[in-house]
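The values are calculated or read from the model by the stated rules, or taken from the named source; none is laboratory data. Everything numeric in this text was worked out from a predicted model, so none of it was measured. Every residue, glycine among them, receives a Cβ derived from its backbone with ideal geometry; neighbour counts consider all protein chains shown.
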Amino acid sequence: MSVRIGLMGFGRIGRNIFRIAYNRPEIDIVAICDIAEPSSLEYLLRFDTVHGHFNEPFSVHGGAMYIKGRQIGILMKREPGDVNWAELGVEIVVEATGKYRTRDWLQKHIDAGANKVILTVPPRDRIDAMIVMGVNDGDLKPEHKIISNASCTANAVAPIAKILHEAFGIDKAFMTTVHAYTNDQRLADVPHEELRRSRAAAENIIPASTWAPQAVEAMVKGLKGKFDGIAMNVPVPDGSTVDLVTLMSRNVTAAEVNKLVWSAAQSTYKNIVEFSTSPIVSSDIIGNPHSAIFDSLSTLVIGGNLLKTVTWYDNGWGYANRVVELIQKLAKIPSPNPVG
């Protein structure tokens, strides 16, 4: 039996989730909610600057999308609570607007009839769980209703940090994500509450804050107070990388680290971490479904225990794949209060 999904927000992440999930028999997308006109949503799904043309035939008319013999409602709604999910039979809402990040806002989806809510950004306050697939998804419990899939950067760096910490121990770590620009930035110099984000995204390297260090500290046991970092948003539309510098608890070699990550990518972290031996650049990983593409050619060690690793990630596509997997996992967790 398929799980019934409502997509709240049909921006870049929402459309990526749709592209991945629409053809999966275990997922039934019931409704798409966005403040934009349906004709605009149709256009942006059909033509994508980064991921190319959506080749599946579909049409949008009469307030619905028709695809593969199915009808998906398109609702022009703005806020959590605006849609009666119970009436639509929606079980899981994917909150992908990027705007509603507090428990009070997300609870409105539950109050409107949804069983679970997946937030596609880090939360602003305490919710039931923040999950990175492959790192702490085993902590999910039936009573968890409001869950964050963390951030794309957290999904890239947390698996590598956990692999390294469990094998060698991490005493301290700094990360820098060299990140593709996002739709929160400006095309030209226009005011923004974060002054640096007010500068033209396609013309500058822009230092920015990142939630990834807090997420890693929360999800990888033993790293609390040991992990920090920043983002540098750069003029590329997609394809990002994490430069992770770690002070290890013991001496290591580059070959030893590479062997460890290679082994993890073949086993525990299969489909989460990819091990690359090629001289890749950012455009090479666009469309890669992994959370982290480990660049084995860039592993460096100095002084025995100071380690640098480089991990690539498609900040839109890889993350959206993990959201879909989280949907699938939540659908298999029994309700804490079964009926009958």
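Look at Ile118 and say whether it is under 29 Å from His165 (Cβ atoms) and in contact with a Leu (Cβ under 7 Å, 6 or more places away or on another chain).
Numbers: under 29 Å from His165 (Cβ atoms): yes; in contact with a Leu (Cβ under 7 Å, 6 or more places away or on another chain): yes.
Criteria met by Ile118.
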Check: Do any residues in the stretch 141-153 that are closer than 16 Å to Gln214 by Cα and modelled with pLDDT of 95 or more have Cβ atoms under 8 Å from those of residues that are among the basic types (Lys, Arg) and assigned to a helix (DSSP H, G or I), where the two are at least six apart or on different chains, and which pairs are they?
Finding: Asn149/Arg322
Next item on the list: Kindly provide the set of residues from the stretch 33-58 that are more than 11 Å from Ile74 (Cβ to Cβ) and either outside the structural domain of Ile74 (by TED's automatic domain parsing) or outside any loop (DSSP other than H, G, I, E, B) (or both), ordered by number.
Entry: Tyr43, Leu44, Arg46, Phe58
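Matching residues to (1) in contact (Cβ under 8 Å) with a residue 40 or more places away in the chain; (2) in a helix (DSSP H, G or I); (3) of a type in the set (D, E, K, R):
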{"residue": "Leu260", "(1), (2), (3)": "yes, yes, no"}
{"residue": "Ala264", "(1), (2), (3)": "yes, yes, no"}
{"residue": "Pro279", "(1), (2), (3)": "no, no, no"}
{"residue": "Ile293", "(1), (2), (3)": "no, no, no"}
{"residue": "Lys308", "(1), (2), (3)": "yes, no, yes"}
{"residue": "Tyr319", "(1), (2), (3)": "yes, yes, no"}
{"residue": "Val323", "(1), (2), (3)": "yes, yes, no"}
Next item on the list: Identify, by number, the condition in (1) hydrophobic (A, V, I, L, M, F, W, C); (2) in contact with a His (Cβ under 8 Å, 6 or more places away or on another chain); (3) surrounded by fewer than 22 Cβ atoms within 10 Å (Cβ to Cβ) that Val117 doesn't meet.
Entry: (3)
Checklist line | Checking Gly303 against (1) at negative phi; (2) out of contact with any His (no Cβ under 7 Å at 6 or more places or on another chain), the condition it does not meet | finding: (1)
Next item on the list: Return the pairs, sorted by first residue and then second, in which the second residue is surrounded by fewer than 20 Cβ atoms within 10 Å (Cβ to Cβ) and of a type in the set (Gly, Ala, Ser), the first residue lies in the stretch 175-188 and is touching a residue at least 12 places away in the same chain (Cβ under 8 Å) and assigned to a loop (DSSP other than H, G, I, E, B), the beta carbons are less than 7 Å apart, and the residues are 6+ apart or on different chains.
Entry: Tyr181/Ala202; Asn183/Gly11; Leu187/Ala200; Leu187/Ala202; Ala188/Ala200
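Only residues that are assigned to a loop (DSSP other than H, G, I, E, B) and under 12 Å from Ile147 (Cα atoms): list them for the stretch 107-123, please.
Scanning the stretch 107-123 gives Asn115, Thr120, Val121, Pro122, Pro123.
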Next item on the list: Please verify whether the stretch 177-199 includes one or more residues that are modelled with pLDDT of 95 or more, within 23 Å of the chain's Cα centre (by Cα) and surrounded by fewer than 18 Cβ atoms within 10 Å (Cβ to Cβ).
Entry: no
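Would you call Val178 more than 17 Å from Gly14 (Cα to Cα), among the aliphatic types (A, V, I, L, M) and outside the structural domain of Thr309 (by TED's automatic domain parsing)?
Details: more than 17 Å from Gly14 (Cα to Cα): yes; among the aliphatic types (A, V, I, L, M): yes; outside the structural domain of Thr309 (by TED's automatic domain parsing): no.
It is false that Val178 is more than 17 Å from Gly14 (Cα to Cα), among the aliphatic types (A, V, I, L, M) and outside the structural domain of Thr309 (by TED's automatic domain parsing).
Restricted to the stretch 258-292, and to residues that are of a type in the set (Ser, Thr, Tyr) and in contact with a helix residue (DSSP H, G or I) (Cβ under 7 Å, 6 or more places away or on another chain), which residue is nearest to Tyr181 (Cα to Cα)? Please lay out each step first, then the result.
Quick first cut of the stretch 258-292, residues of a type in the set (Ser, Thr, Tyr) only: 263, 267-269, 276-278, 282-283, 291.
Those still in the list that are in contact with a helix residue (DSSP H, G or I) (Cβ under 7 Å, 6 or more places away or on another chain) too: 269, 276-277, 291.
On the way: Tyr269: 28, Ser276: 24, Thr277: 27, Ser291: 18 Å.
Ranking the qualifying residues of the stretch 258-292, first place goes to Ser291.
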